[in-house]
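Rule-based calculations on the coordinates, nothing more; no lab input. Remember, predicted model here, so these are calculated numbers, not experimental data. Note that each Cβ is placed from the backbone with ideal geometry, even for glycine, and that neighbours are counted across all protein chains shown.
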Amino acid sequence: MVDPVRFLIHGASGRMGQALLRLCTERAVECIVVAAVSRKPVQRVVDGVPQFAASELAGVPAFDVAIDFSLPEGFDPLLALCRQRGAALVSGTTGLSDSQRQALTDAAADIPVLWAANFSLGVAVLEELVERAAAALAGWDCDIVETHHVHKKDAPSGTALALGTAVGWGGATARYASLRAGDVVGEHLVQFTGIGERIELVHRATSRDVFARGALHAASRLKGREAGIWRLRDLL
């Protein structure tokens, strides 16, 4: 029997952190949360999981993979801890500076790391599809239309920009349009238009749990991998 993967959840008080803790409970045979880290934990143990403040990060138990959905100011100490302990890092923390991204690249010489703007497995597949389409449809127009809830401030979304990067890998250039409406979790349309024909590739997320499930999927498969920078699509 394979031992469960030991996770450290960093940013445990946020929406993604809470979803990760809940989903790990449902997958107890496959994974175990050895500790949860947040700025100021209210309790020391919640549902059997030890709670640590960010200032106590150095004292967390041994772990295989850290899953990070926190803030940029908490990223550096976590990356340093993962590197020190030889543990993998999966991060979806946004707003990282250029120096933090460089530090992530440097750490990849010693440990496996994965950063993604979107942890939906469907979006990972969509990235590959749009890259292939862009490479095959030279000269076609490419437009990416993304729709999110009214409270989302950044536009285009990080996922739209990642899809645009994949389009660029295929040799094309994407144009962007952003819509903010209602409580839409996330919808991304990548449209390729030629003379007299059009291809539309669409991904719709109806629950935020898809992102937490994708992060757990990636983290489970990153354990024991060789050091380097990994993409979600590499771990499908």
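Give me the dipole magnitude in Debye, nearest 20, for the range 31-170 about the Cα centre, with unit charges on the beta carbon: positive for Lys and Arg, negative for Asp and Glu.
My answer is approximately 480 debye.
Sorted by packing (mean other beta-carbon atoms within 10 Å per residue), highest first, where do 121-129, 35-43, 10-18 land?
Answer by packing, highest mean first, reads 10-18, 121-129, 35-43.
Starting with the highest mean, order 156-162, 110-116 by the number of other Cβ atoms within 10 Å, averaged over the residues of each peptide.
110-116, 156-162
Using only alpha carbons, build the gyration tensor for the range 174-236 and give me the equivalent ellipsoid semi-axes, biggest first, whole Å.
After diagonalising the Cα gyration tensor, the semi-axes are 30, 19, 10 Å.
If you take all C-alpha pairs in the chain, what percent of them are over 24 Å apart?
Cα-Cα pairs in the chain separated by more than 24 Å: 48 percent.
Cα centroids of the range 10-54 and the range 147-191: how far apart, whole angstrom?
30
Mind putting a number on the dipole of the chain about its Cα centre? Charges go on the C-beta only, +1 for Lys and Arg and -1 for Asp and Glu, and I need it in Debye to the nearest 20.
Computed charge dipole of the chain: roughly 500 debye.
Along the Cα→Cβ direction, 7 angstrom out, place labels at Arg231 and Gln84. What is the inter-label distance in nm?
3.3
Report the charge-dipole magnitude of the range 118-202 in Debye, nearest 20, computed about the Cα centre from +1 at each Lys and Arg Cβ and -1 at each Asp and Glu Cβ.
In total the dipole reaches around 180 debye.
Determine which residues of the range 166-191 fall in the zone a paramagnetic label at Arg198 would reach in this model, i.e. backbone nitrogen under 12 Å from the point 7 Å along Cα→Cβ.
It comes to 190-191, nothing else.
Among Leu129, Ala117, Gly86, whose Cα lies farthest out toward the positive end of the dipole of the range 82-152, if unit charges sit on the beta carbon of Lys, Arg (+1) and Asp, Glu (-1)?
Result: Gly86.
Between Gln102 and Val42, what is the label-to-label distance in nm when each label sits 7 Å out along the Cα-to-Cβ direction?
Here the modelled spin labels are 4.1 nm apart.
Cα gyration tensor of the range 121-205, axes a ≥ b ≥ c as square roots of the eigenvalues: rounded (a/c below 1.5), prolate (a/b > b/c) or oblate?
Since a/c reaches 1.5 and a/b is larger than b/c, the shape of the range 121-205 is classed as prolate.
Pull out a ≥ b ≥ c, the square roots of the eigenvalues of the alpha-carbon gyration tensor of the range 1-95, then state rounded if a/c is under 1.5, prolate if not and a/b is larger than b/c, and oblate in the remaining case.
Since a/c stays below 1.5, the shape of the range 1-95 is classed as rounded.
Tell me what the chain gives for mean residue ellipticity at 222 nm when only DSSP H runs of n ≥ 4 count, each as -39,500 (n - 2.57), the sum divided by the residue total, rounded to 500 deg cm²/dmol.
Helix-only estimate at 222 nm: -10500 deg cm²/dmol.
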